[in-house]
Amino acid sequence: MEENIIEEIMLFENFDISIITDQKYNEQYLFKASNIGKMLKLTNIFQSIKTYKEEEEYVKIGESIFLTSQGLHHLLIVQKKKFLKSLLNGLII
């Protein structure tokens, strides 16, 4: 990692989530996409975010992709809608 990047590992629901702040991105929190994908049980996180706007919803740092707060919220809303849709389909008789 570059010297202006501060990385923390946070344990959430038994998943390690790498969260960084970077002066280049106004010190906003950035969440490692692969960690979030594992937590949400997504088989391909990169497929899930392929339509996201770079710099606004995700950033590439080295070989890793990090979601911005906006990108994380977008992903969570989409996944919640998919879950609710499957739940409602299961309830319809």
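The values are calculated or read from the model by the stated rules, or taken from the named source; none is laboratory data. None of the values given here were measured: they were computed from a predicted structure. Just the protein is used for accessible areas: all its heavy atoms, side chains included, with ligands, DNA and RNA removed. Shrake-Rupley method; radii C 1.70, N 1.55, O 1.52, S 1.80 Å.
Taking 0.36 nm per residue of separation and subtracting the Cα-Cα distance, what length does fully extending S64 through I77 add?
On the way: separation 13, 0.36 × 13 = 4.68 nm, distance 2.27 nm.
Value of the extension gain: 2.4 nm.
How large is the helix-only mean residue ellipticity at 222 nm for the chain, computed as the sum of -39500 (n - 2.57) over DSSP H runs with n ≥ 4, divided by its residue count, in deg cm²/dmol to the nearest 500? Walk me through the numbers on the way to the answer.
Numbers: 3 runs with 34 residues, N = 93.
Helices in the chain give a 222 nm mean residue ellipticity of -11000 deg cm²/dmol.
Got a number for carbon plus sulfur as a percent of region 1-67's accessible area, 1.4 Å probe? Please report the intermediate quantities before stating the final value.
Details: 2140 of 4690 Å².
Ligands and nucleic acids excluded, carbon and sulfur give 46 percent.
Can you give me the long-range amide H partners of I61? Hydrogens built in the peptide plane at 1.01 Å from N, cutoff under 5 Å, separation of 5 or more residues or another chain.
For I61, whose amide H was placed from the backbone, the distant partners under 5 Å are F66.
Can you give the angle from 0 to 90° between the axis of helix 69-91 and the longest principal axis of the chain, with both taken from C-alpha atoms, to the nearest 10?
That helix lies at roughly 10 degrees to the long axis.
With the cut-off at 29 Å, tell me which of the pairs K50/K85; K24/K82; K32/K85; K60/K85 have Cα atoms farther apart than that. Let's see the in-between values first.
On the way: K50/K85 22 Å; K24/K82 34 Å; K32/K85 27 Å; K60/K85 31 Å.
Beyond 29 Å: K24/K82; K60/K85.
Please tell me the relative contact order of the chain in percent, rounded to the nearest whole number, where contacts are Cα pairs under 8 Å and at least six residues apart. Don't skip to the end; give the middle numbers.
Numbers: 102 pairs, mean separation 17.4, N = 93.
Averaging sequence separation for qualifying contacts and normalising by length gives 19 percent for the chain.
Once the Cα gyration tensor of region 1-73 is diagonalised, what are the square roots of 5 times its eigenvalues, in whole Å and ordered largest first, as equivalent ellipsoid semi-axes? Intermediate values should be presented prior to the final figure.
Details: eigenvalues 68, 48, 20 Å².
For region 1-73, the ellipsoid semi-axes come out as 18, 16, 10 Å.
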